[in-house]
Amino acid sequence: MKRVLRDVVLGAMSVATVGAGSVLAASTDAYAQEGQQGAAPAAEQASGVAIRRIQVEGNQRIEAATITSYLLVRPGDTFDPERIDLSLKTLFATGLFADVQIEQRGSDLVVSVIENPVINRVIFEGLNTLDEEDLEEEVQARPRSVFTAARAQGDVQRIIEVYRRAGRFAAQVTPQVRELDQNRVDLIFEVDEGPVTGVRDVNFIGNEVYSDRRLRDVIVTTESSWWNFFQSNDNYDPDRLEYDREQLRQYYNNRGYADFRVVSAVAELTPDQKDFFITFTVEEGIRYEFGEIRIQTELNRLPEDLLRAAVPIRSGTEFRGELIEDAIDAMSYVAGSVGYANVDIVPVVERDAENRVVNITFEVNEGPRVFIERIDVVGNTRTLDRVIRREMMVSEGDAFNRVLLDRSRQRIRSLGFFEDVTVEESDGSQPDRSVVTVTVEEQSTGELAFAAGYSSTESFLFDVSITERNLRGRGQFLRLRASSSSQRQQVDIRFTEPRFLGREIAAGIDLYSLRTDFISQSSFENQSTGIGLRTSFPVSDRTSLGLTYSLIQDDTQIEDVAVDLGGGNYVDQCDFDNPARPYLCDQEGTFLTSVFGFTVNWDQRNDPVRATRGYDIQFSQDIAGVGGEVNYLRTEIDGGIYYGLWGGFRATFRGSAGFIDGWGGDDVRINDRFFKGGSSFRGFDVAGLGPRQLVVNDDGTIESEGDAIGGNIYAIGTLQLDVPLPLPESFSLGSALFVDFGTVGVVDSASRRSVDIDSDSSLIVDDSTSLRASAGVSIFWDSPFGPVQFDFAQPLAYEEYDQLEEFRFSTRTQF
């Protein structure tokens, strides 16, 4: 009665296709029937004989005790044909055996088995359009798992389904096995992918308001085109067709057509069986407007007027179904902010076809009080649980609060450790319990970078760095960096502990050496070496305070050149007997600066990564002079307003301003002033705008331009519109339109001293705060070597002596 593996497996397999639907011939039912026949000798024995012992034969990997545990009889029991038959079926149901027989030998019960083989490897052959990884995720067969014909056939159907979703309805899959020693097999799926089945035409019936062309842009499925190499939605997929139905419903529903419905969506194979005709039959209905909007609530701390102010629906405007969900979300948020963590908001929608209005009543009631039973963190393969949990604003045992959970998600995202963060709730062990699951997708936080690039302002750039933003999964930041360009040579070490001494206080230390070369812009260069200490902590939910201390030693050198005084007379520019540029020469030397500072951050953005609503403001002050040799007070403010628009567009306004002033009789040194331009003010070169030394004639005309000396005041604003490009996301390209405007000016009176060069000309400083402006377009490319930015700018308002820059290219290593 026993069969060899080739009879059981190879002889039973057949080709499976989409149309034929054939299956592996061998099944557990067939084996069960054969097993029942094998049990017949035992059934024919006298049922009154007691079983002395149970023997197991033919097992190789599976222990005899495991096999006997599935039996419904034990030594000492009588031979019962019904219980033996059930035992046989139970053994087959485990999927561990290709054949089972039970027979009586005297007073012994003998169980003979043929074990199913173990899969050694799962092999896919004939793949061209799909990768093995795509199929491995779908099939259930795994190395070291038990092979059965039924499971293999199930995997065949799963593979065919994958190809069906890819538009290959003629795909064929043939399963085969290759026998190995020790009862092992290689499971091989031979795939004939067949041609791809495209979409020849998409038609609409019943549409009068919107044309076929407009509706084709709404749905995901597209018509096949030989020139479109990047399109992946131009094949027939029934699942995608259902999604298209929903897209059409939302499109009409958000444009006033509340009665719209898709009557049918039919896909017909073309006569040549290469493509599909897809036809949508729709009923548009009439166009509605919002009518009366009512709110019913009996909650004490949640008056109707407060809720109505949050509802984004206005009577008389075009009906948009999405606004109903927006209104529920807005009212839920308001309810959470006043202490109602759980509210039940039910919209009662009443269509008045005669007047073509939709009346809505929002019934607001307090929902059942639910507590958080457990918080599960999933997907953190590297980051420690406590790093994520400490960003949660709720704990296990707290009342469920959707507002706090949303803020917790934003805090976790702002860490920058994860590509995606989701927070979901599910039912707990009791009706008033909820389980919160935080699912994260880790992204790379460590980087060993060797980069080289070119900037139109700094020429060649070289950068090597070791950066870890999530050191040992503890959330700590460490960076060791060395970079060099024509203007900057920098070495720095930076370390930050986000939870110093286990408290919600961040602390850090910086060590750096920076050499800046502004010879071509301002005729000076500076060597700075310093150490900085930092700490920051939250003052409220969206406000933080940072404190800093820095000790810096600056060594400033002025370019050693001769200045033409006219008539063939020259003088060294730092010849103090006859100084040509006193405001620069006074800055030369070595100075020690001791700086204390603070920074206050207000962050009201809806998303810390890409905000589409809200604003952020940063205010800082630094005072130098508590120790050291330099005295000044520097104040700066920076902020932005963000507004997301339809279709991925985003409008942004950013503004910044600063003022620095010396105290204790000190003037502001040149390397402490504000230099703007380049990336901080597009359309102007680095240090290209602001106070500058000029050689002017007696009539006020500029004879020549000199060095930029920086300003004590600046104010810059930027209006920017992010514009998504109609390209695949894999291209990693973006663009933006921008307008930059502002001013840099004012220096100390000592720096405005003029020098007479001859009887007709003199050296002066122009530090006026005249308006500058530029407009242009930026192109962003997130290249494999780091982010690249191209700026095309047209200066609109500028001074005659400003240094303009209409094109700027830059690349850098992203940290």
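The values are calculated or read from the model by the stated rules, or taken from the named source; none is laboratory data. If you're wondering where the values come from, they're calculated on a predicted model, not measured in any experiment. Cβ coordinates were reconstructed from backbone atoms using ideal geometry, including for glycine residues, and neighbour counts include every protein chain displayed. These accessible areas exclude ligands, DNA and RNA; they are computed on the full protein's heavy atoms, side chains included. Shrake-Rupley method; radii C 1.70, N 1.55, O 1.52, S 1.80 Å.
The alpha carbon centroids of the range 601-624 and the range 64-86 are separated by 73 Å. Taking every protein chain into account, the accessible area of the range 768-807 amounts to 54 square angstrom per residue (probe 1.4 Å).
Size check on the range 651-773: the Cα extents along the three principal axes, sorted descending, read 65, 37, 21 Å. Each listed q (0.12, 0.18, 0.21 Å⁻¹) maps to a log10 I(q)/I(0) for the range 298-377, found by the Debye formula over equal Cα scatterers with no solvent: -0.42, -0.80, -0.98.
With a cut-off of 13 Å between beta carbons, the residues surrounding Val263 carry a summed charge of 0, where Lys and Arg count +1 and Asp and Glu -1. Annotation: amide H-H contacts under 5 Å for Val723 (H modelled 1.01 Å from N, sequence separation of 5 or more, or interchain): Ser735, Ala736, Leu737. Per the Debye calculation on the range 132-178 with a single equal scatterer at every Cα and no solvent contribution, log₁₀ I(q)/I(0) for q = 0.21, 0.27 Å⁻¹ amounts to -0.74, -1.10. Here the range 182-314 yields Rg over Rh of 1.24, to two decimals, using C-alpha coordinates and the Kirkwood radius.
In terms of packing, defined here as the mean over residues of other Cβ atoms within 10 angstrom, the peptides 387-393, 206-212, 377-383 line up highest first as 387-393, 377-383, 206-212. Dividing the radius of gyration of the alpha carbons in the range 99-228 by their Kirkwood radius gives 1.27 for Rg/Rh. In sequence order, the range 696-708 has phi-based couplings of 10, 7, 4, 7, x, 6, 7, 8, 7, 9, x, 7, 7 Hz under the Karplus curve 6.51 cos²θ - 1.76 cosθ + 1.60, θ = phi - 60°, and Gly or Pro positions carry x.
For the range 165-217, what percent of Cα pairs sit more than 19 Å apart?
Values: 832 of 1378 pairs.
Tail fraction, whole percent: 60.
Here's how it looks for Asp685: its modeled amide H is under 5 Å from those of Gly678, Gln803, Leu804, Glu805, which are all 5 or more places away or on a different chain. Using the eigenvalues of the Cα gyration tensor, what equivalent ellipsoid semi-axes result for the range 226-384 when each is taken as the square root of five times the eigenvalue, whole Å, largest first? In descending order the semi-axes read 39, 28, 12 Å.
Qualifying GluC sites (Glu not before Pro) in the range 44-94, where qualification requires a DSSP coil assignment and no more than 11 other C-beta atoms within 10 Å, comprise Glu63.
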